[in-house]
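Just below is one structure, and these are the notes that go with it.
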């Protein structure tokens, strides 16, 4: 992966780009020097470019359009939770203050951000992402994004992003070391289209969720294992998840309760 700056380089963006490239194996800093992204790709032979901007970060690569890191609707949901309102995902997963949560399919971090808000300042979120470009975008985005709500900024600091396949990531964790293990393979489904999901298609892992992953999740979790899916997909039945009857939405959460 290439790491560079925007068209207008500054000492700040150059330093951030160099530091990130040095910290991550598989990342190469290349000075922009007025060149287009296509020129950098041709020169370096790498299609994925992480662009460090003055106030953000952008991934330009296989997707049909570049992706800027932004919490999007998670920020709106987070502000509601911080005001004391309920959130369907947090309720379904039985999130409590101080919980440790493993988000096995981090993507752009939307759910990890909500978990970080829901678990409070004593909580912790481990976000696993198998795609190196998405991992890099999420890691740098969480590190540098600043919202007007300071409690949200503090929540982002409690997310630890790891570059790993979710099965390998779970296998590396000790027994009962997390309260909740969460899966959201939704953007891998080509029938779902939205402004936030569509650009992720190029980085999607099309493999169905395995029984081995669920068994590892059950080993790691103390409280619940949660799966977000289409209600009629058949995945809840295939993998053994119960669906809360009171929730009749098309996209819902299947839950395994391990402390009962």
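The values are calculated or read from the model by the stated rules, or taken from the named source; none is laboratory data. Just so we're clear, the structure is a prediction, and the values are computed from it rather than from any experiment. Here the Cβ positions follow ideal geometry from the backbone for every residue, glycine too, while neighbour counts run over all protein chains shown.
Quick one: count up the residues across the stretch 139-196 that are farther than 20 Å from residue 57 by Cβ, assigned to a helix (DSSP H, G or I) and at pLDDT 95 or above.
Residues flagged as farther than 20 Å from residue 57 by Cβ, assigned to a helix (DSSP H, G or I) and at pLDDT 95 or above within the stretch 139-196 amount to 8.
Condition test on residue 247, is it part of a loop (DSSP other than H, G, I, E, B) and either within 16 Å of the chain's Cα centre (by Cα) or at pLDDT 95 or above (or both)?
No, not satisfied.
Just give me the residues in the stretch 115-129 being out of contact with any helix residue (DSSP H, G or I) (no Cβ under 6 Å at 6 or more places or on another chain) and in a helix (DSSP H, G or I), in sequence order. Spell out the reasoning first.
Going residue by residue through the stretch 115-129, those that are out of contact with any helix residue (DSSP H, G or I) (no Cβ under 6 Å at 6 or more places or on another chain) are 115, 119-124, 126.
115, the sole residue that qualifies.
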